[in-house]
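Shown next, in structure tokens, is the structure this report addresses.
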Amino acid sequence: MATFRLQGSRVLAVTLTGDAVKAKNGSMVAYDGRMSFKKMTGGGDGLRGMVTRRLTGEQMEVMEVSGQGTCWFADRATEINLVRLTGEKLFVEASNLLCTEAGLRTGTSFTGLRGSASGNGLFTTTVEGTGQAALLSDGAAVVLRVTPQYPLCVDPGAYIAHQGNLQQHFQSGVTFRTFMGEGGGEAFQIRFEGDGLVYVQPSERRTVGGDL
């Protein structure tokens, strides 16, 4: 079983004992021991996954790392956040997914009409099963709780991932920058309802909805 641990907040060390992990292509920065690296087709989902991702525009280039030893991963000095799954499904933007245990299943899911980051569409990568996943964020990620009594509205540019029994809706809204007359177009938000967790980063990407 692969062991994930953070070294600082921007480097992920994964110890392998004959098993494997799936990682963002090109994210390996160092390793010791005996390792092999194999580029995977379609984000690790084979031909069907490759076709689905091309149709949806959800880009995800993945490599499989296997062997014995320790491998270190990082991506442009961005923050890394560990998430442990116990049978549930995690929805995450492909650009924010760094590494998963090989036993976790990845796929693509339609998430409804919403603003989306450049390079991402109306589809989101899914990670499902039991094991650990490492997420990337521009700054330390914040985990926000959603309950039936307290829905949550999120700027699409700050959204990273979510898990739990959540429904999301795409809605127009007014942000602080729009209010101050600094917005570049119509503002949009993602509204989450139900029971679960939403991961956001303390910065905003440029989205198809304009400056949010």
Separation in nanometres of the label points that stand 7 Å from Cα toward Cβ, at Val143 and Ser109:
1.8
Please list Asp138, Asp19 in order of solvent-accessible area, largest first, computed with a 1.4 Å probe with all protein chains present.
Asp138, Asp19
Charge sum, other residues only, whose C-beta stays under 9 Å from Met1's C-beta, Lys/Arg counted +1 and Asp/Glu -1:
-2
Simple SL model, points at 7 angstrom along Cα→Cβ for Glu88 and Gln7; separation in nm is 3.1
If we count every other residue with Cβ under 11 angstrom of Gly69's Cβ, Lys/Arg +1 and Asp/Glu -1, where does the sum land?
0
Treat each spin label as a single point 7 Å out from the Cα along the C-beta direction, and report the Glu193 to Gln167 distance in nm.
0.5
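The values are calculated or read from the model by the stated rules, or taken from the named source; none is laboratory data. Keep in mind the model is a prediction, meaning the values are calculated, not measured. Positions of Cβ are backbone-derived with ideal geometry, glycine not excepted, and every protein chain shown enters the neighbour counts. The protein model used for the area step is the full one, side chains on, heavy atoms only, and it has no ligands, DNA or RNA in it. Shrake-Rupley method; radii C 1.70, N 1.55, O 1.52, S 1.80 Å.
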